[in-house]
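The values are calculated or read from the model by the stated rules, or taken from the named source; none is laboratory data. Here the structure is a predicted model, which means the values were calculated and not measured. Methodologically, a virtual Cβ is constructed for each residue, glycine included, from the backbone with ideal geometry; neighbour enumeration extends over all protein chains shown. Quick note on the areas: whole protein, heavy atoms, side chains included, nothing else; ligands and nucleic acids left out. Shrake-Rupley method; radii C 1.70, N 1.55, O 1.52, S 1.80 Å.
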Amino acid sequence: MASSDSVTTCLSPAVHYVICELGFEKKDIYDINNIVSENGQVCWQAITEHVCYLESDQSVDYIKSIRALGPVCESVNLHFKSLTKEKFAVQYALWFHWTNYAEVHLLIGKDCPFLLRDLLASEQLAVVFGQVVMDVLRIFVGSPCGLNLRNVLWHGFASPQEIPAKYCAMLLFLTAGLGQLLQTYLLQTKYVLVHRPYVTFIRLEDLDAFPDLNHETLSVAEELLQVSNFVLRTMLPFWMAALTAFKQSRYADCVILLLPQLEAGLRLLFTTTNKCPNRLLTAESSAFYTTFDEMLTKYLDNEEINQLPSVLEEPAMEFLWDFLNHQEGPRIRDHLSHGEINLKAFPREIANQLMAFAITLLRRFSNEDMVAFKEHLIIKPLMNCASCYRSRFHPISRLKKQVLECMKSICLWHELPSVSEEHIQTVEGLEGNTEASTLVLKMAEIHSQLQQYLPCNCCSADDPMNTVATERLLLELCDRHICTLYSPRPVLEVVVVLRKISTQCHQVSEQVIASIKSRYQQWTEKTLRSRQRHNYLRMLNSIKFLSPVLQLILVLITLELVNVHLVCKKNPSDYHQYLKFLKSVLQYTENLVTYTSPEKNKWDETIQLTNKALLKIRKFSDRKLTLLQSAT
C-alpha cells in the first residue's frame, strides 16, 4: 500500500478551485442587516439576487453564482461569530424545529468539527427539501456542478482545512430560512408537519461481532492513527474527533465522522491495488466519484477484476457488505445520509462495531516495525474477531438463522400440554391413525436416504422423530461456511425460494403451538362443543406426522443450501426442473399454513397433502442419489 503521507488533497484541481478559491474572489462587503433582520428573519431576496443564469438555456451558472454568493456567505459567517450561544439560540432555535433536531443545530453553531457541522446541516436540507427546485440549495448541496458539499464531505474527499467555515454558516442560515418559509406555508394552508418515523435497529445482538471497546484499546487506536498507512495525514483530525466522540458517548457523531474516513482509507487502498491513482481524487461533474459502491463490487468499470477484495480478504469484505449494503443489514450509511436515524438515540452497539472494525484496518495497514508488542496484544482479540467474521445479513446467512429458529419452534411441541393418548384413540371417525403412522415411516426412509448426502464428518439424524438429533444436525450444517460474496444470480434465486419454504414452515409451527395451547385450555375448562373436541383430537393426531415432516423439510433445504453453489453447474433445463421442485415444496408448505390456520382447521386434509408432497420429495431424492452414485 502506498504511503498516505504523500497525499496532500483528495480534491481534484477543478473541485479544489470551486470549493476553496472561487467563493473568495469577490471582495465585496454586504451589510448583514440586508440579509437577516434583528429577530433572525432571513431575507431570501438578498440571497437569490446573486444567483446567475446561463443565457443559452437559463439554467444556473454555477461558477458565477458561487463567486457572487461568496461575500454573502462571509457576511453570514461573521454574523454568527458575533453572536453568543444564548443570542444564537434566541434568534434561530425556533427555525430549526422543522428538522426535528433543533438542539443539534444549536450545538453545531459553534464548537463541532467542520465535517460534523456541514454533514448534519446539509443532510437536513437534502432530506426535507431535496425535491424543491430552489437554485440556491442546488448551488450548495444539490448539484455536482456546484459546491456539492454534501457529497464531497460524506464520501470523505475533503479535509478539515478544505471546507471554508463560511459555507457551514451558510448551510445553517439556509436551514433556518427554510424553517421560516415552511412555517409561513403551514400557517397559510393549516397543514401540520408530520415527521416520518425513524428507522429502528432491532435485534442488535446480530451485530455483535467485536468485543466492547475499552479505554486501553481506544488509546492504542490513537497511537495506530499516527503510524497507519490507512489514514490520510490530512484527515487525521477527523479520526481523532471520531475517537473523542466515541469516548464521550456521542455515538451518532462518531459514526458520522468515521464512515467518510473509512471510505477515504479504502479508496486509497483501492486505487493503489488497482493501479488507478487518479481515482483517489474527486471526479469532475461529468464522471462518477469512487465511493463504497464502486469499491465493493467484483469488477471495475473496465470489466477487470477489482483487486481490493483479495487485499482486504473475504471476512472484511463480508463485514462491509453487511453493515453498508445488504438489504436486511443495518445499512448505516444509507440511513444516516438520508436522515432516517434518530441521532439522539443512536445505538452504541453499531458505533462499537464500526470503530472496532476500523481499528483492525488501522492495524493491518501499519508498518509492523512501528507497532509495539504491548499494542499488538491489546489489539489481538479484535484482529481474531475480524479474521473469522462471517456474513450475518446475506440471504444465505439469514436462511441459516431462519432454519435454526424454525427448529427451535418445533422443539417446543414436546413441551406443550396435551390430553392423554387414550382420548385420541377412542374418538369415533378418526381414521387418520394408520395413515399418520405410514407417513412417518415414509419420512424415516427419506431421512435415511438424505444421510447419504451429508458432508463428510457430519453427524447423522436417521430418526425423523428425534428432534434433538435433527437440531444437532441442522446446527452443524448451518455452521459450515458457504461463500456469500458476489453470489451468482441462480444461487440467489434458489435461496429466495428456500427462505420462503422456511418461513412457511415456521408459521405452521407457530400456528400449531398457538392452537394446541388454546384448545387445551378450552378442553380443561370444558368449553369445547362436541365437534370442536373431535377437531382438537384430530389436530393432536396430525401433529404426530407434522413435526417430522417439518423437520424433514428443514433438513432438505439446509442440505440444498450447503450445496447451493452447485446450481451454477446445472444446464438450463435441469436448473428449471430443480426450481420447479423447490417451488412445489413451497406450495406444499403454503397449503399447510392454510390448513393449520385457526380459520380452516383442516387437520385430516393435511394427511393427503403431505402424502403427495412426500412422493415428490422421494422422487427428487432418488434422482439425486442416482446421480451421486453414477458420479462415483
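Given the criterion without any contact (Cβ under 8 Å) to a residue 40 or more places away in the chain, loosely packed, with under 14 Cβ neighbours inside 10 Å and more than 34 Å from the chain's Cα centre (by Cα), identify the matching residue among Q521, Q451. Steps first, answer last, please.
Working: Q451 fails: loosely packed, with under 14 Cβ neighbours inside 10 Å.
Testing whether each residue is without any contact (Cβ under 8 Å) to a residue 40 or more places away in the chain, loosely packed, with under 14 Cβ neighbours inside 10 Å and more than 34 Å from the chain's Cα centre (by Cα) leaves just Q521.
Yes or no: L362 surrounded by 21 or more Cβ atoms within 10 Å (Cβ to Cβ), in contact (Cβ under 8 Å) with a residue 40 or more places away in the chain and either among the polar types (S, T, N, Q) or out of contact with any Lys or Arg (no Cβ under 8 Å at 6 or more places or on another chain) (or both)? Can you show your working first?
Numbers: surrounded by 21 or more Cβ atoms within 10 Å (Cβ to Cβ): yes; in contact (Cβ under 8 Å) with a residue 40 or more places away in the chain: yes; either among the polar types (S, T, N, Q) or out of contact with any Lys or Arg (no Cβ under 8 Å at 6 or more places or on another chain) (or both): yes.
Here the answer is yes, as L362 does meet what is asked.
Name the pairs: first residue in segment 465-491 and within 19 Å of D322 (Cα to Cα), second residue open to solvent by 50 Å² or more (accessible area, probe 1.4 Å) and among the aromatic types (F, W, Y), Cβ to Cβ under 9 Å, at least 6 apart or on different chains?
T484/W321; L485/W321
Would you call N306 farther than 19 Å from F292 by Cα and of a type in the set (S, T, N, Q)?
On the way: farther than 19 Å from F292 by Cα: no; of a type in the set (S, T, N, Q): yes.
Criteria not met by N306.
Which residue, of E599, E510, is part of a helix (DSSP H, G or I), open to solvent by 10 Å² or more (accessible area, probe 1.4 Å) and charged (D, E, K, R)?
Details: E599 fails: part of a helix (DSSP H, G or I).
E510 is the lone residue from the list that is part of a helix (DSSP H, G or I), open to solvent by 10 Å² or more (accessible area, probe 1.4 Å) and charged (D, E, K, R).
Within segment 317-346, which residues are within 23 Å of Q248 (Cβ to Cβ), surrounded by fewer than 19 Cβ atoms within 10 Å (Cβ to Cβ) and not hydrophobic (A, V, I, L, M, F, W, C)?
Of everything in segment 317-346, those that are within 23 Å of Q248 (Cβ to Cβ), surrounded by fewer than 19 Cβ atoms within 10 Å (Cβ to Cβ) and not hydrophobic (A, V, I, L, M, F, W, C) turn out to be H335, N342, K344.
So Y198 clears everything in (1) surrounded by fewer than 22 Cβ atoms within 10 Å (Cβ to Cβ); (2) within 31 Å of the chain's Cα centre (by Cα); (3) part of a helix (DSSP H, G or I) except one condition, right? Which one?
Exception for Y198: condition (3).
Which is without any contact (Cβ under 8 Å) to a residue 40 or more places away in the chain and buried (at least 19 other Cβ atoms within 10 Å of the Cβ), of T244, T271, T297, T234? Quick ask: steps written out before the conclusion?
Values: T244 fails: buried (at least 19 other Cβ atoms within 10 Å of the Cβ); T297 fails: buried (at least 19 other Cβ atoms within 10 Å of the Cβ); T234 fails: without any contact (Cβ under 8 Å) to a residue 40 or more places away in the chain.
Selected residue: T271, the only one of T244, T271, T297, T234 that is without any contact (Cβ under 8 Å) to a residue 40 or more places away in the chain and buried (at least 19 other Cβ atoms within 10 Å of the Cβ).
Can you tell me which condition L609 does not meet? The list is (1) part of a helix (DSSP H, G or I); (2) in contact (Cβ under 8 Å) with a residue 60 or more places away in the chain; (3) among the hydrophobic types (A, V, I, L, M, F, W, C), and all the others hold.
Result: L609 fails condition (2) only.
Take L399 and tell me if it is part of a helix (DSSP H, G or I) and crowded, with 22+ Cβ neighbours inside 10 Å. Before the answer, list the steps.
Values: part of a helix (DSSP H, G or I): yes; crowded, with 22+ Cβ neighbours inside 10 Å: yes.
For L399, the condition - part of a helix (DSSP H, G or I) and crowded, with 22+ Cβ neighbours inside 10 Å - is met.
When you look at T503, is it outside any helix (DSSP H, G or I) and either closer than 24 Å to L474 by Cβ or open to solvent by 10 Å² or more (accessible area, probe 1.4 Å) (or both), yes or no?
Details: outside any helix (DSSP H, G or I): no; either closer than 24 Å to L474 by Cβ or open to solvent by 10 Å² or more (accessible area, probe 1.4 Å) (or both): yes.
The answer is no for T503.
From E223, E205, which residue is part of a helix (DSSP H, G or I), open to solvent by 10 Å² or more (accessible area, probe 1.4 Å) and closer than 15 Å to R363 by Cα?
Just one listed residue meets the conditions, E223.
Every residue in segment 31-64 that is touching a Cys at 6+ places or on another chain (Cβ under 8 Å), surrounded by 14 or more Cβ atoms within 10 Å (Cβ to Cβ) and closer than 16 Å to L174 by Cα, please.
First, the residues of segment 31-64 that are touching a Cys at 6+ places or on another chain (Cβ under 8 Å): 34-37, 60-62, 64.
From what is left, the residues that are surrounded by 14 or more Cβ atoms within 10 Å (Cβ to Cβ) are 35-36, 60-62, 64.
Those that are touching a Cys at 6+ places or on another chain (Cβ under 8 Å), surrounded by 14 or more Cβ atoms within 10 Å (Cβ to Cβ) and closer than 16 Å to L174 by Cα: I35, V36.
Which one of these is in a helix (DSSP H, G or I), on the phi < 0 side of the Ramachandran plot, touching a residue at least 24 places away in the same chain (Cβ under 8 Å) and open to solvent by 20 Å² or more (accessible area, probe 1.4 Å): Q188, Q183? Even if it seems obvious, please write down each step before you answer.
Details: Q188 fails: touching a residue at least 24 places away in the same chain (Cβ under 8 Å).
The unique qualifying residue is Q183.
So which pairs qualify, if the first residue must be in segment 80-98 and touching a residue at least 40 places away in the same chain (Cβ under 8 Å), the second must be open to solvent by 80 Å² or more (accessible area, probe 1.4 Å), the Cβ gap must be under 8 Å, and the two must be at least 6 apart or on different chains?
Q91/N39
Residue by residue through segment 163-177, note down the ones that are of a type outside the set (F, W, Y), in a helix (DSSP H, G or I) and either more than 31 Å from the chain's Cα centre (by Cα) or more than 30 Å from T282 (Cα to Cα) (or both). Talk me through it step by step, then tell me what you get.
Let us first name the residues in segment 163-177 that are of a type outside the set (F, W, Y), namely 163-166, 168-172, 174-177.
Going one step further and asking which of them are in a helix (DSSP H, G or I), we end up with 165-166, 168-172, 174-177.
A165, K166, A169, M170, L174, A176, G177 - these are the residues of segment 163-177 that are of a type outside the set (F, W, Y), in a helix (DSSP H, G or I) and either more than 31 Å from the chain's Cα centre (by Cα) or more than 30 Å from T282 (Cα to Cα) (or both).
Within segment 580-592, can one find any residue that is touching an Asp or Glu at 6+ places or on another chain (Cβ under 8 Å), crowded, with 16+ Cβ neighbours inside 10 Å and without any contact (Cβ under 8 Å) to a residue 40 or more places away in the chain? Explain how you work it out, then say what you get.
The initial filter retains those residues of segment 580-592 that are touching an Asp or Glu at 6+ places or on another chain (Cβ under 8 Å), namely 582.
Next cut, crowded, with 16+ Cβ neighbours inside 10 Å only: 582.
Adding the requirement that they be without any contact (Cβ under 8 Å) to a residue 40 or more places away in the chain leaves none.
No, segment 580-592 contains no residue that is touching an Asp or Glu at 6+ places or on another chain (Cβ under 8 Å), crowded, with 16+ Cβ neighbours inside 10 Å and without any contact (Cβ under 8 Å) to a residue 40 or more places away in the chain.
Right, E314: within 20 Å of the chain's Cα centre (by Cα), open to solvent by 10 Å² or more (accessible area, probe 1.4 Å) and of a type in the set (D, E, K, R) or not? Let's see the steps before the verdict.
Details: within 20 Å of the chain's Cα centre (by Cα): yes; open to solvent by 10 Å² or more (accessible area, probe 1.4 Å): yes; of a type in the set (D, E, K, R): yes.
Yes; evaluated as a whole, the condition is true for this residue.
Name the one entry in L193, L204, L153, L186 that is in contact with a Pro (Cβ under 8 Å, 6 or more places away or on another chain) and at pLDDT below 90. Walk me through it before giving the result.
Details: L193 fails: in contact with a Pro (Cβ under 8 Å, 6 or more places away or on another chain); L153 fails: at pLDDT below 90; L186 fails: in contact with a Pro (Cβ under 8 Å, 6 or more places away or on another chain).
None of the other options fit; the residue is L204.
Do we find that S547 is surrounded by fewer than 21 Cβ atoms within 10 Å (Cβ to Cβ) and either out of contact with any Ser or Thr (no Cβ under 7 Å at 6 or more places or on another chain) or not β-branched (V, I, T) (or both) in this structure?
Numbers: surrounded by fewer than 21 Cβ atoms within 10 Å (Cβ to Cβ): no; either out of contact with any Ser or Thr (no Cβ under 7 Å at 6 or more places or on another chain) or not β-branched (V, I, T) (or both): yes.
No: the conditions fail for S547.
Check segment 283-290 and report whether any residue there is outside any helix (DSSP H, G or I), without any contact (Cβ under 8 Å) to a residue 24 or more places away in the chain, at negative phi and open to solvent by less than 50 Å² (accessible area, probe 1.4 Å). Full working, then the answer.
Going through segment 283-290, the residues outside any helix (DSSP H, G or I) turn out to be 283-290.
Checking the rest, the ones that are also without any contact (Cβ under 8 Å) to a residue 24 or more places away in the chain come to 286-288, 290.
Going one step further and asking which of them are at negative phi, we end up with 286-288, 290.
Filter once more, so that each one left must be open to solvent by less than 50 Å² (accessible area, probe 1.4 Å): 290.
Yes - at least one qualifying residue is present in segment 283-290.
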